[in-house]
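Notes to accompany the following structure.
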Amino acid sequence: MTDITLFPQPQQLERQTGAFTLNAHTRLFAADGALGEMLANYLRPATGFGLPVHPLDEDILGDATNAILLVSTADLIDAEAYKLDVRPERVTLRAGGRSGFLHAMQTLRQLLPAQILSDERIEGVEWTIPCVIISDWPAFGWRGLHLDVGRHMFPVGFIKKFIDTMAFYKFNTFHWHLTEDQGWRLEIKKYPRLTEIGAQRAESPIPADPKRGDGKPYGGFYTQDEAREIVAYAAERGITVVPEIELPGHSLAALTAYPELGCAGSDYQVRASWGIDSNIYCAGNDAVFEFLQDVFEEVLALFPSTYIHIGGDEAPKERWRACPKCQARIKAEGLADEDELQSWFIRQIESWLNERGRHLVGWDEILEGGLAPNATVMSWRGSDGGIAAANAGHDVIMTPTTYCYLDYYQHEDWTREPPAIANTLTLEQAWQFVVVPEEIAPDKQHHILGGQGNIWTEYIPNADQVEYMAFPRAIAIADILWNHPKERSYDALVERLREHLPRLDMMGVNYRQLDE
Ligand code: ACM
Ligand code: ZN
C-alpha cells in the first residue's frame, strides 16, 4: 500500500521518494499542441499558472527541468495504455495515442491536491505531485455508463458535466438511451412529429406515489446540433457516445407521432405512467422498416460510433399475435412464432447497419428466437444471457441488474433514501461485480468486451439525483472495469473512497455519502 489513492487503481504503481512541484514557471512540452493545451486547461483554473505549451523537441527529453512532457511512444500496443513518470525535476506522460494521454492526465489530476479540481483559483496550496512510476492499461475495452433521457431529460450542460466525470474515472463509453414509451428525445429532420408530438407527455408519476400523476405536462428533446456538440465534447475526452434507438418495443412515443407504424394504426398517447407499453412497431408493415432506416440514416450521420444500440428489450408480443399483417409476415418468412418474428425484425436492422459498417448492440432479449449473426449482447437480466451469447461466440457487454443497476436503492432501508425503483443495489454489492462469469469457457472469455452501469430515470427527475444515484457506485464499477481486481476487500474500498470523495465536492459533483 502507498499513501496514494487513485480511482481507478492503476495496474502498476511504484512510489518513489520526493515530489514534483507545479509552479508559475512550469512549462509543458507536447508534440501534439492540442493535447498539451488540454492538460494546461485542466491545471490552470485552480493554480492560476500560465503553463505555456511548447513543441516537444527531442533535445529536451533528457534534461528539461520544471517541465511536464507528453511523449509519444510506439511501445504501448493498447491505445488506452499510458506510463507516467513523476520525478522532482520533471513529469513525463507517455502513450501511443490520444486516449492513453487523456488517461495519464486524469491520473495526474488525481495525484495533485484535491483543490486542483476547482474551477476557481485557490491560493496557498502547494501543488505537489508525489514521485511515482506508473504503468497502466485497462482490463476491458468497454467501460460504460448508460443514461436514460426518455423518462426524464437533462440539460446539455449537465450531459457534458457527466461526461467530464466519466472521463475522470477513465470510462470510455456513454450509452445514451434516447427513445422511450414516455418520450422521443432526438430531433429527426425527416420526421418532425417525433419531437413535436413524441417528445411530450401529459404528466409524470409522482415519485413518492407513482400510481398518481402530477398533472404537469413534461417534454423536451435534443436538437441534432446539440447531439453533435455532445458527441464532439465526449470525443475530445476519449469517450464514444453510443446512441440507443429502441425497437421493436418501448416505441409508443414514436407510434403516437406516426400511428400508422403500429399494429392498431391509431389511438396512441405518449405514455404518462412508468412500465412497459404493449404497443410496439408493426413487424408486418414495410413502412416501419423504411421509417427506421430513415431514422438510422440521420442517427449514423450524428454518431460516428461503430456500435449502434437498437434496444430490443421488453417487447410484449400480444399486438403481433392479433395483427393480420404480423401474422402474414410470420407465414411469408417461414417463422415459428412471435419470438422468431422479433429476431427477423432485428436481423433486418442488423444487415442494414452492417452494410454501413456499423455494429448492432441489443439487450439480451435479442437472444430469444435466435440471435442476429453479428450482434453484440448487452446482458441485463442477470448474466445468463451474456454467458450463453459468449459461449456461442458473440461479443457481450455485462450490465446485470445484480451489480450494475444504478437506479436501484443504495441501502436496504428504503425509508432513508429518496424514492427509487423497487430494488436494492448497495455499494458493497456493486463492488462484487462479476464481469467474466466462470461459466464462460476460457477460449470464449475474450468475447466479454466489458461492462457498464445503467441509469434508468423513472425516479430520477433532475441532474443532482443522477449524480446521487451514480456515485459512488459507478466509481466502484470504473475500478473493476479498468483494474479488474481479483481480491476485493470492501473495507479497503470504503477506506479509499473516504480519502477520494472530497474530490467530487471539489468538482461540484453530488454523491451519496458513505454509511458510517
Ligand atoms: C432494461 O433494463 N429494460 C434493459
Ligand atoms: Zn402488426
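Just how large is the dipole of the stretch 294-431 about the Cα centre, in debye to the nearest 20, putting +1 at every Lys and Arg Cβ and -1 at every Asp and Glu Cβ?
420 debye
Below 13 angstrom from the Cβ of Gln224, what's the summed charge of the other residues (Lys, Arg +1; Asp, Glu -1)?
-2
Let me test this: with uniform point scatterers at the alpha carbons of the stretch 301-413, what is the Debye-based log₁₀ I(q)/I(0) at q = 0.15, 0.17, 0.19, 0.20 1/Å?
Listed by q, the Debye log ratios stand at -0.73, -0.88, -1.02, -1.08.
With +1 on the Cβ of every Lys and Arg and -1 on the Cβ of every Asp and Glu, and nothing else charged, how large is the dipole of the chain about its Cα centre, in debye rounded to the nearest 20?
Approximately 500 debye in magnitude.
Report the equivalent ellipsoid semi-axes for the chain in whole Å, largest first, defined as the square roots of five times the eigenvalues of the gyration tensor built from alpha carbon atoms.
The answer is 43, 24, 22 Å, longest axis first.
Taking the Cβ-Cβ separation of Asp413 and Glu226 as r and a Förster radius of 45 Å, what is the calculated FRET efficiency to the nearest 0.05?
The calculated FRET efficiency here is 0.70.
Net charge near Lys170, counting Lys/Arg +1 and Asp/Glu -1 over other residues with Cβ under 13 Å of its Cβ?
Within the 13 Å Cβ shell, the charges total -2.
Summarise the accessible area of the chain (1.4 Å probe, protein heavy atoms) by the percent that is carbon and sulfur.
Of the solvent-accessible surface of the chain, carbon and sulfur hold 48 percent.
Let me know the charge dipole size of the stretch 231-359 about its Cα centre in debye, to the nearest 20, where only the beta-carbon of Lys, Arg (+1) and Asp, Glu (-1) is charged.
60 debye
Nearest 0.05, what FRET efficiency do Leu514 and Asn23 give at R0 = 51 Å with Cβ-Cβ as r?
Once rounded, the FRET efficiency stands at 0.90.
Applying the Karplus parametrisation 6.51 cos²θ - 1.76 cosθ + 1.60 with θ = phi - 60° to the phi angles of the stretch 112-122, what ³J(HN,Hα) value in whole Hz is obtained for each residue in order, glycine and proline being reported as x?
6, x, 3, 4, 4, 7, 6, 8, 10, 4, 10
Students often get this wrong, so check it: of Lys170/Lys444; Lys211/Lys317; Lys190/Lys325; Lys83/Lys486; Lys160/Lys317, which have C-alpha atoms separated by over 28 Å?
Among Lys170/Lys444; Lys211/Lys317; Lys190/Lys325; Lys83/Lys486; Lys160/Lys317, the Cα-Cα distance tops 28 Å for Lys160/Lys317.
Could you give the accessible area per residue of the chain, probe 1.4 Å, as a whole number in Å²?
Ligands and nucleic acids excluded, the figure is 38 Å² per residue.
How many percent of DSSP beta bridges within the chain run antiparallel, rounded to 5?
In the chain, approximately 35 percent of DSSP beta bridges are antiparallel ones.
The values are calculated or read from the model by the stated rules, or taken from the named source; none is laboratory data. Everything numeric here is computed off the predicted structure, so don't read it as measured data. All Cβ positions, glycine included, derive from the backbone under ideal geometry; neighbour counts span all protein chains shown. SASA here: full protein model, heavy atoms, side chains in, ligands and nucleic acids out. Shrake-Rupley method; radii C 1.70, N 1.55, O 1.52, S 1.80 Å.
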